[in-house]
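Rule-based calculations on the coordinates, nothing more; no lab input. Only a predicted model underlies this, so the values are computations on that prediction, with no experimental measurement involved. Cβ atoms come from the backbone with ideal geometry, glycine included; neighbour counts cover every protein chain shown.
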Amino acid sequence: MRKLGTVQCLEVPVEDPQQEANADYLILFHGYGADAYDLRSLSDVIVTSKPTHMIFPQGVLEVPIGPGWTGRAWWNIDVEALQRAAMTGVPRDLSESKADGHEKLTARIFEMIAALKVPWNRLILGGFSQGAMLATDIFLRAPETPKGLVILSGALVNKTEWKELAQKRAGSRFFMSHGQSDMVLSHKGAAQLETLLNQAGLKGSLMTFQGGHEIPMNAIQKLNDYLKSL
């Protein structure tokens with residue numbers, strides 16, 4: 001682990017240190033209750049067209065995930081509402097929600113990125129679930145346009161602000177994937193985000209797969225196509 005600003009990060013550097021100076025950086029934020037190691041295995045299957053340094057940040061909060069077990073998160077969620085949605089099959093509408101402590105969290109992530117000392121046009125931001133929402137938020141708020149955006153099983157949140165912020169990212173390309181049967185974050189929420197981004201002038205489409213809250217191999221293959229195209 002390496003501390004960037006105030007955030008601990010797991011890193012998978014490029015194989016040849018001499019290529020580091022011109023490498024892209026792919027930052028992948030994990031989901032609620034996981035940790036920096038959760039997405040580490042993606043570095044074994046992600047294929048890019050140029051040397052890419054991968055960074056897996058550790059959630060800033062410790063949260064309970066079971067008796068005697070804890071995980072990490074970026075912000076707290078209403079676990080009971082999540083359980084009710086799973087039991088009833090009625091998806092939650094998160095489109096107008098905003099994370100508690102959003103401003104402080106955003107400041108810490110921007111501090112983390114600044115510590116990398118890498119231009120924004122060499123940064124690809126992405127994540128899974130809660131991490132995908134965080135990546136989208138940072139992508140839209142960045143002072144310069146990042147190279148890419150990867151949204152794995154994410155959803156639309158903070159709709160009013162995102163709708164306005166997305167206008168300055170017109171022309172940027174993004175990748176999205178989501179399971180048709182996702183009971184944690186509904187496919188509808190992902191479709192809402194896809195619509196908002198496209199209406200703002202961004203370029204991308206939602207890849208829907210048969211499955212739940214996961215990252216299947218066919219999504220990784222499409223992700224690789226996107227990353228190579230950048």
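List of remarks:
- Packing-based ranking, highest mean first, of 187-196, 129-138 given that Cβ atoms within 10 Å are counted: 129-138, 187-196
- Backbone geometry of region 49-55 corresponds, through the Karplus equation with coefficients 6.51, -1.76 and 1.60 at θ = phi - 60°, to 3J(HN,Hα) couplings of 8, 9, x, 9, 8, 9, 10 Hz, x marking Gly and Pro.
- LYS228-LYS3 FRET efficiency (beta carbon distance; Förster radius 41 Å; 0.05 resolution): 0.85
- Prolate/oblate/rounded label for region 173-230 (Cα gyration tensor, a/c 1.5): oblate
- Normalised contact order of the chain, rounded percent, pairs of Cα under 8 Å and 6 or more residues apart: 19
- Exposure proxy ranking for ILE65, ILE55, ILE46, based on other Cβ atoms within 10 angstrom of each Cβ and starting from the fewest, stands as ILE65, ILE46, ILE55.
- Region 2-229 - Rg (one decimal) and Dmax (whole number), Cα, Å: 16.5, 54
- Counted charge near ASP44, where neighbours are those whose Cβ lies closer than 15 Å (Asp, Glu -1; Lys, Arg +1): -2
- Binning the alpha carbon pair distances of region 100-230 at 5 angstrom intervals from zero yields the distribution 2, 11, 22, 25, 20, 14, 6, 1, expressed in whole percent.
- For the peptides 216-223, 119-126, residues were scored by their other Cβ atoms within 10 Å and the scores averaged per peptide; the highest-first order is 119-126, 216-223.
- Bridging of LYS159 to lysines at a Cα separation below 21 Å is possible for LYS98, LYS104, LYS168, LYS188, LYS203, once same-chain residues fewer than 8 apart are set aside.
- Summing +1 for each Lys or Arg and -1 for each Asp or Glu among the other residues whose beta-carbon sits under 13 angstrom from that of ASN198 gives +3.
- Net charge of the neighbourhood of GLY5, taken over other residues with C-beta under 12 Å away and scored Lys/Arg +1, Asp/Glu -1, is +3.
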